[in-house]
Structure formats: structure tokens, C-alpha cells
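Trainee: Starting off with a structure, shown below.
The values are calculated or read from the model by the stated rules, or taken from the named source; none is laboratory data. Bear in mind the structure is a predicted one, so any value in this text is a computation, not a measurement. Cβ atoms come from the backbone with ideal geometry, glycine included; neighbour counts cover every protein chain shown.
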Amino acid sequence: MIDRTGRLLGLAALLWLVALPAAFAVEIAPHRALYSLTLASTKSSSGVIGANGAMIYEWGETCEGWTVQQRFRLRLQYAEQDSVEVSSSLVTWEAKDGLRYRFNERRLRNREPDEEIKGEAKLDGPGKGGTAEFTRPEAARLTLAPGVLFPTAHTLLLIERAQAGDQFFSREVFDGATVENAGQITAVIGPKLKPGPSAGETKLPDSPLLARPSWRVRLAFFPSGSKAEQPDYELGMRLLDNGVSQDMSLDYSDYVIHATLDQIEALPRPSC
């Protein structure tokens, strides 16, 4: 489970520009953000007694798509065994029409190579099915069902639904994090919040990127074909209407990792 921590944090900020009603146009802000990672809570059954790390996330824009580069490192301390360090380097590209997606992630465990996942996926049209092809860790091909979204598509749809005042929705999303088909993500969206930290929250960096309205969002992740009532994990975040994640918490049920935004800066847009 912990090997997916870095990937999931990064997925929280991926976005999409397809099928948006004009009334809810989304102005996305390409950016680079630095988060510090800490242990927010733990149960004795987990064995985890401490955690620390960092994530650098860069989301850029090209004329045809969105790029993501993420570097992630987390050290977990256990009560009765040696600490474990997990890290990953992720690069993705997704077309602005939401129909093509490329992904490449390298993961390390205690600084030794653990796994590499690489491939690309495409849909035959909006709302249609498609295929996903992996070249690493080994060649594999999956058929994607109609209605499946890529990660960027899902998060921008999340913003659009939040702007519309919706409180709940559920969709199938293919992210390429494992050699598995699309999983189900259910979202619960809180009321709209004004810019700035809420009571008890950490002071934010001074940036105009954060002077935007936001919503508290809770995402529950279910694996492909799952009939379980409880998700594998949950991701909570304060999501701004420009796509920035002001903070995040990844809940594995028996322990929670919190991501605090320490620095943020805007990235340039392309001249198309």
C-alpha cells in the first residue's frame, strides 16, 4: 500500500479541460509546489510511529496538453522494525481533449530500484472506451470501458462539479499506477471556502495563486472490479478553483500522512 503514496499525492493536482459547461469555466494555474510530509495520526496496529519527507510537484502546460513532474520521498519509522524509505519520480502527459495519456514512474525502496511502470492510454472519443498499453514492468494491454476518465480529466471534473454546488459523484479513473484497469473514485465535496487558512490550519505561503476560493474534498479509491464497501485508501484535500492543492491528507485507515504546502510559484504558459 505504501508504495502508492507518492503517486496518489501527485494525482490530487492533475487536471482536465474537456466537456466543461461555459457557466463553469475553469482557469487552471500551472505551478510548482513544495510540500512537507508528516505523520498526522496512527493506530497501534499499524506499527508506524513516525514519518517525514517531501514532495516537489510541477504541473506545466503545453499547447496540446498538461505535463506533470513529481519527485517524492517519505521515510516511515516503525516501533518494532527498521525504518523504510520510499521514493518515486513521476512524469505524465495528458492531452487537453482528455483522450490521450502517457505515464512513467520509477519507484525506489530504501534507495534500491523497486518498480518502474510505463505506458500510454487512449480513448476513442469523449465518453467512449479505449485501450491502455504498458511497456514496463512488462508488456500488457487493457481494454478501457466507455466512461473511463484519465486522472487529469477526473480532477478538473471535480472542480467543475464543486463550482456547480454538487456534493457527491463517482467515476471510473485509469491512472496507470499499477498494471490494473480503471478503479472507482467517489468524491464528497464540502461547501465553498473563502481564500486563506481556516481556523487551526498552518500559515500559507504568500502567493496570489492561493488567493482563490476552494472546497474541502474527500476522495475514496476502490480497486478495479471491487465490490468492497470500504475503500483501499482515501485522499482529503483543500482544492482551489485554479487546481492548486492547498494541503492534502492520505488516509490508509491505520495511519494518515499529511502534506503541508511550504512553497509555491507560477509556471509560464506556452505561446501557441
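Trainee: Out of region 112-154, which residues are among the charged types (D, E, K, R), assigned to a loop (DSSP other than H, G, I, E, B) and out of contact with any strand residue (DSSP E or B) (no Cβ under 6 Å at 6 or more places or on another chain)? Write out each step before concluding.
Mentor: The initial filter retains those residues of region 112-154 that are among the charged types (D, E, K, R), namely 112, 114-116, 118, 120, 122, 124, 128, 133, 136, 138, 141.
Now drop any that are not assigned to a loop (DSSP other than H, G, I, E, B), which leaves 124, 128, 138.
Result: LYS128, GLU138.
Trainee: Of the conditions (1) farther than 19 Å from PHE222 by Cβ; (2) assigned to a helix (DSSP H, G or I); (3) of a type outside the set (Ser, Thr, Tyr), LEU157 fails just one. Which one is it?
Mentor: (1)
Trainee: Same structure again: What number of residues within region 193-218 are in contact with a helix residue (DSSP H, G or I) (Cβ under 8 Å, 6 or more places away or on another chain) and of a type in the set (A, V, I, L, M, F, W, C)?
Mentor: Summing the residues that are in contact with a helix residue (DSSP H, G or I) (Cβ under 8 Å, 6 or more places away or on another chain) and of a type in the set (A, V, I, L, M, F, W, C) in region 193-218 gives 3.
Trainee: Within region 219-229, does at least one residue satisfy the condition of being hydrophobic (A, V, I, L, M, F, W, C), surrounded by fewer than 19 Cβ atoms within 10 Å (Cβ to Cβ) and either outside any strand (DSSP E or B) or modelled with pLDDT of 95 or more (or both)?
Mentor: Taking every residue of region 219-229 in turn, at least one turns out to be hydrophobic (A, V, I, L, M, F, W, C), surrounded by fewer than 19 Cβ atoms within 10 Å (Cβ to Cβ) and either outside any strand (DSSP E or B) or modelled with pLDDT of 95 or more (or both).
Trainee: Another question, if that's okay. Could you list, in sequence order, the residues of region 144-161 that are in contact with a Pro (Cβ under 9 Å, 6 or more places away or on another chain) and either among the small types (Gly, Ala, Ser) or at pLDDT below 90 (or both)? Steps first, answer last, please.
Mentor: Step one: of region 144-161, the residues in contact with a Pro (Cβ under 9 Å, 6 or more places away or on another chain) are 160.
Of everything in region 144-161, nothing turns out to be in contact with a Pro (Cβ under 9 Å, 6 or more places away or on another chain) and either among the small types (Gly, Ala, Ser) or at pLDDT below 90 (or both).
Trainee: Filter region 80-128 down to the residues that are among the hydrophobic types (A, V, I, L, M, F, W, C) and within 16 Å of the chain's Cα centre (by Cα) and list them by number.
Mentor: Passing the criteria: LEU90, VAL91, TRP93, PHE103.
Trainee: Right, here's the next one. With the requirement that a residue be over 28 Å from THR67 (Cβ atoms), modelled with pLDDT of 95 or more and either polar (S, T, N, Q) or assigned to a loop (DSSP other than H, G, I, E, B) (or both), what does region 166-197 give you?
Mentor: Correct list: ASP166, GLN167.
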